[in-house]
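Student: I have a structure here, written as structure tokens, and I will follow up with some questions on it.
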Amino acid sequence: MSGVRDWSSKMINLALHSENQDVILDQLSQRLDFGTNLTWSLMRRLGIPLWLKSDFKLKQMIEIVAKNEYRLYEGEGNQLSQTKAEYAALWYVLTNKVSVLRQLFNVEIGGKKFAEFLESDFN
């Protein structure tokens, strides 16, 4: 979404103090097609983690980010040579979706050992 500019601090402040954050979020979602385009980069440019007060909605958005970051990841040219699952791991851990992450590692070449590690009880 290269056409999206960073929101100014004024816009972020207005969204933060708005009583209609759901409306703002719905409008952004429709205009920018969050279902397929929401990435961490876009969330950061819009300042969403700064102004969105609902933890539930933020978690939902991070789940969308996890799916999209995994789907859109292109490893070529990446200096770290991460796999798609490694690239999206942070987002799945943040949303407590370790079982989904384990499944992603299971389908990746060379990811079986890490998938087995994720089966451990971390409590």
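Student: Scan region 6-46 residue by residue and report those that are hydroxyl-bearing (Ser, Thr, Tyr), within 20 Å of the chain's Cα centre (by Cα) and not in a helix (DSSP H, G or I).
Tutor: If the condition is that a residue be hydroxyl-bearing (Ser, Thr, Tyr), within 20 Å of the chain's Cα centre (by Cα) and not in a helix (DSSP H, G or I), then THR39 is the only one that fits.
Student: Any residue in region 73-81 that is surrounded by 12 or more Cβ atoms within 10 Å (Cβ to Cβ), assigned to a helix (DSSP H, G or I) and not acidic (Asp, Glu)?
Tutor: no
Student: Just to be sure I understand, how many residues within region 16-31 are touching a helix residue (DSSP H, G or I) at 6+ places or on another chain (Cβ under 7 Å) and either among the aromatic types (Phe, Trp, Tyr) or under 17 Å from GLN60 (Cβ atoms) (or both)?
Tutor: 4
Student: Tell me which residues, restricted to region 47-58, are surrounded by 14 or more Cβ atoms within 10 Å (Cβ to Cβ) and either charged (D, E, K, R) or part of a loop (DSSP other than H, G, I, E, B) (or both).
Tutor: Answer for region 47-58, where residues must be surrounded by 14 or more Cβ atoms within 10 Å (Cβ to Cβ) and either charged (D, E, K, R) or part of a loop (DSSP other than H, G, I, E, B) (or both): GLY47, LEU52, LYS57.
Student: Can you tell me how many residues within region 101-120 are surrounded by fewer than 18 Cβ atoms within 10 Å (Cβ to Cβ) and either at negative phi or out of contact with any Ser or Thr (no Cβ under 9 Å at 6 or more places or on another chain) (or both)?
Tutor: Qualifying residue count for the region: 12.
Student: Right, something else. Can you tell me which residues in region 82-117 are of a type outside the set (A, V, I, L, M), at pLDDT below 85, out of contact with any helix residue (DSSP H, G or I) (no Cβ under 7 Å at 6 or more places or on another chain) and not in a helix (DSSP H, G or I)?
Tutor: Result: GLN82, THR83, GLY110.
Student: If you don't mind, another one. With TRP40, TRP51 as the choices, which residue is modelled with pLDDT of 95 or more, under 30 Å from GLU19 (Cα atoms) and of a type in the set (Phe, Trp, Tyr)?
Tutor: Testing whether each residue is modelled with pLDDT of 95 or more, under 30 Å from GLU19 (Cα atoms) and of a type in the set (Phe, Trp, Tyr) leaves just TRP51.
The values are calculated or read from the model by the stated rules, or taken from the named source; none is laboratory data. Bear in mind the structure is a predicted one, so any value in this text is a computation, not a measurement. Quick reminder, even Gly has a Cβ in these numbers, built from the backbone with ideal geometry, and neighbours come from all protein chains shown.
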